């Protein structure tokens, strides 16, 4: 016998009962919630409003230009472990961000970019592919291993990889991806033209070895020395590296200006006092100042390097051994500096992943007031620094005296910077008279064809091996500073021209509680100053004890001497106690400030609310009491009627 | 309709603000939010002018505090018998549900806004990214709304406030647990890893996190809006059953 469905839904709902209807309602609500969200996750495009001041999650125009400039198709293979099981939310989130960003790149590349995902399982063919492409397995903080890398290929067998897309480099993700695509879209190895007096290629006649930094550069760039007078820079040179060009004739200077006007990039080491320039064998004095030579161009573009002063930073000072009163003493030499942490711009791709750099008697970069030029500091001193006249350290410096005479100006000094902006030629009226070639005169450009791509470093010594390499007993060289990485990073970014220069590493975590940092630093400086002051006094007392003891060596000590030594020792103890007390006082100021901040944040609102609550309760109680009294009702102490 | 909802919202809001327990609630919330930030989060030791440390505790604070607000929304009305009086008024169950929820949500906004000293602190001691902080506050308020809607549904299911509270905490915990590594790991064992990764995003922590990072994601907005809508729909269904309306 056949049955028919109940035509009346109302009767069905009645039969279900109230509980059944409620259950269906709740179930429908849950299904609606899940269905909409799964649909949104799968189907909706990545529509996001970026509220960060630096637009951290929005692609820069540099990336868009790189993607628009792809002529031949580029394929990117995202190599990742199939299972990110056990890797922690940070890694999983980073892997998702990489995938999302690649998808965004694909959509902006007008069909010229293909994205494939290679899921790697243990002992699979995909793992062999990853290993062959030198994609390294990474280990997360919990110790779990995984693959997350990128293989890029172009139509001419060009092959580039990012061996690890690490969460620790998350803020440089856009730069890394755009760099790889840029290299595949323009497969030629960039050419770096080097000119200047610094003997980075070595000098056999004088027994000078080539600088080790050159080996690193050769891995990524073709290096071409530029010698003698140059009236025009070759068109196939991408970057000019000025390595302490102390003497530049007018033709070469003009050629550099025009190279920049045609969109060429420039990495300039302009040092007012190059310690790496070798002295002639006869010991004669040489010009070691490269600032006056290049200044006409720099000034016109809007930047300057101090010609008569170098930067001195008490916090970054390197310890040196000097002889004082016939004794070897180790002291801080303020003209030499080791710069790390906050002294290196965290948001710049060039310095963002570097740990420390060593510079020697570096010049100071400043702006000359051209509003078109922007100076982005890369290396800066701390606020505990000063401008030091070159005459104070030449010919032989006295580090102890320099330290004693040190007077901090309270403002950081810029030692290296990235320069950007549209600049004009330093030769607005055409080529100088020295240029006779009509072809060169005819090619004169008065304004730059693209924004300036320049990195200016007011030190040249950072290129020499002494500032970053340590030679071990077995002859092996071990770096102790990232000077070579800095140079390669700078060339790497410059080789992309202005497009890549715009692509700064934009990072999270750089905004600091500066007031608190400054207080901590001041306390530390004050604490150190007191320590030095007391240490000097203690040293004096110790030498007095020493002299008393040594004068009586071999003989019996008089009672007076013994008493005096005892007095001196107790003075030392008193001084040490005073030092500890003073240091405690200094630190206490910072601790008190943090306690006040904590107390204000935790208790200000609740206490205010408590007062409001008390006032409200009292007011209501009084109101009730008054109302009952008016009606003639006896009231209890709490305002209620008896 | 809007007038009815506004009347209910106002009535409820006035009721909140005239009860000492509401002030105690706000005091507890502000003390816990700031205390966890400074002590458990080591806010000043980090020296960062970001409020991500402050916001990271909000899901866990709301896990307890939103069911505490939500538990009385309906359970108290059932127990005191005032539900009958409420429903004799010329308004529908849906109006009452939305009105009561809005009052609770505005009250939560008031509690959240009273954490302003932390924003003031980072502004005085550094140069924070105000856009990111505003986005974090918006995310926190939406999260509070989602948890409140779910807690309101839990309250509508029972006349016992304690049971409503425990039920509310359980539901909110489920919304949080979706983002936990353990849950995601379990999920990956059952479904394809790509689907598991997609599903991993459909949880309150992941959606809230994007606001804290300074990203207002359309999918995160949809998540919280649908969560609130579903919670209110379920509440209305349960209230109708309880009252026979």
* To do: Above 26 angstrom, tally the Cα pairs of region A:324-454 and express them as a % of all pairs, no decimals.
  => 46 percent
* Structure fact -> region A:178-212 and region A:235-279 have their Cα centres apart by a whole-number Å value of 13 Å
* Structure fact -> Percent relative contact order for chain A, counting Cα pairs under 8 Å at least six residues apart, stands at 11 percent
* Any idea how far the Cα center of region A:294-345 sits from the one of region B:1-80, in Å? -> 54 Å
* Using every Cα-Cα pair within region B:1-149, state what percent have a distance larger than 29 Å. => 26 percent
* Can you pull the one-decimal nm distance between simple spin-label points at residue A:515 and residue A:585, each 7 Å off the Cα toward Cβ? => 2.5 nm
* Reciprocal mean inverse distance between Cα atoms of region A:235-314 - Kirkwood radius, Å -> 14.0 Å
* **Residue mean of other protein chain beta carbons inside 10 Å, A:610-619** => 2
* Computed Kirkwood radius, in angstrom, where 1/r is averaged over Cα pairs of region A:61-185 -> 14.7 Å
* **Expected 222 nm ellipticity per residue - DSSP helices of 4 or more, -39500 (n - 2.57), all of the protein assembly as shown, to 500** => -17000 deg cm²/dmol
* Who wins for biggest fluctuation among B:24, B:225, B:97 in a Gaussian network model of chain B, springs between alpha carbons below 10 Å? -> B:24
* **Three principal axis lengths of region A:522-604 [C-alpha, angstrom, descending]** => 71, 20, 13
* Structure fact -> Here region A:138-212 gives, from Cα atoms, an Rg and Dmax in Å of 19.1, 56
* Just B:168, B:41, B:146 to compare: in a GNM of chain B, with alpha carbon springs under 10 Å, which one fluctuates most? -> B:41
* Over chain B, relative contact order from alpha-carbon pairs under 8 Å, at least 6 apart, % -> 27 percent
* Sort region B:62-176 into rounded, prolate or oblate with this rule: let a ≥ b ≥ c be the square roots of the eigenvalues of the Cα gyration tensor; rounded if a/c is under 1.5, and if a/c is not under 1.5, prolate when a/b is larger than b/c, oblate otherwise. => prolate
* Using mean Cβ contacts within 10 Å as the protection proxy, how do A:310-318, A:185-193 order, highest first? -> A:310-318, A:185-193
* To do: Note down the nm distance, to one decimal, between modelled labels 7 Å out along Cα→Cβ at residue B:46 and at residue A:229.
  => 6.3 nm
* Structure fact -> Computed from the beta carbon distance with a Förster radius of 25 Å, FRET efficiency for residue B:24 and residue B:88 to the nearest 0.05 stands at 0.20
* Calculate the mean, over all residues of peptide B:152-159, of how many other protein chain Cβ atoms lie within 10 angstrom of the residue's Cβ. => 1
* Asked: What share of the DSSP beta bridges in the protein assembly as shown is antiparallel, in percent to the nearest 5?
  -> 70 percent
* Principal axes first, then extents: for the Cα atoms of chain A, list largest minus smallest coordinate on each axis, whole Å, largest first. => 118, 89, 59
* For region A:171-272, rounded, prolate or oblate, judged on the Cα gyration tensor with a ≥ b ≥ c (square roots of eigenvalues), a/c < 1.5 rounded, else prolate if a/b > b/c? -> oblate
* To do: Restricting to region A:61-185, compute how many DSSP beta bridges are antiparallel as a %, nearest 5.
  => 65 percent
* To do: List B:58, B:95 from most exposed to least, where exposure is judged by having the fewest other Cβ atoms within 10 Å.
  => B:95, B:58
* Structure fact -> Averaged over the residues of B:124-131, the number of partner chain Cβ atoms within 10 Å of each residue's own Cβ comes to 6
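Read-outs throughout are calculated quantities, based only on the coordinates presented, and are distinct from any laboratory measurement. Because the structure is a prediction, the values reported are computed rather than measured. All Cβ positions, even for glycine, are placed from backbone atoms using ideal geometry, and neighbour counts span all protein chains on display.
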